[in-house]
Amino acid sequence: MSLYDYKVSRRLARDDEPFYALIMAAMRRADTDNLNLLKLAFPETWDELEMRYHAPGGYLPNEIPA
């Protein structure tokens with residue numbers, strides 16, 4: 001990590017983004033080792049990200065597009 005990483009984390013925290021949105025974004029950007037750690041820490045979040053990635057428009061079968 002670096003000072004830059006720390007400063008970006010402060011900006012992201014200020015933007016009031018939902019926690020799991022940040023985790024999913026981290027999963028999308030992670031290298032292999034970090035993705036494996038995130039998957040271990042947040043297995044349900046990984047499952048949802050993967051399902052939504054493969055679903056048309058990100059909608060799961062039980063959701064109605066707006």
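Ala55 satisfies every condition listed in (1) out of contact with any helix residue (DSSP H, G or I) (no Cβ under 9 Å at 6 or more places or on another chain); (2) open to solvent by 50 Å² or more (accessible area, probe 1.4 Å) except (2). With respect to the stated conditions, Tyr59 is hydroxyl-bearing (Ser, Thr, Tyr) and without any contact (Cβ under 8 Å) to a residue 12 or more places away in the chain. Scanning the range 17-51 for residues that are part of a helix (DSSP H, G or I), open to solvent by 70 Å² or more (accessible area, probe 1.4 Å) and not aromatic (Phe, Trp, Tyr) returns Arg28, Arg29, Thr32, Asp33, Asn34, Asn36, Leu37, Leu40, Glu44, Asp47, Glu50, Met51.
Number of residues in the range 1-16 that are among the hydroxyl-bearing types (Ser, Thr, Tyr) and open to solvent by 100 Å² or more (accessible area, probe 1.4 Å): the value is 2.
The values are calculated or read from the model by the stated rules, or taken from the named source; none is laboratory data. Since the model is a prediction, treat every value here as computed from it, not as a measurement. Glycine gets a Cβ as well: all are built from the backbone with ideal geometry, and neighbour counts include every protein chain shown. When the accessible area is computed, the model is the full protein with side chains, heavy atoms only, and any ligands, DNA or RNA have been set aside. Shrake-Rupley method; radii C 1.70, N 1.55, O 1.52, S 1.80 Å.
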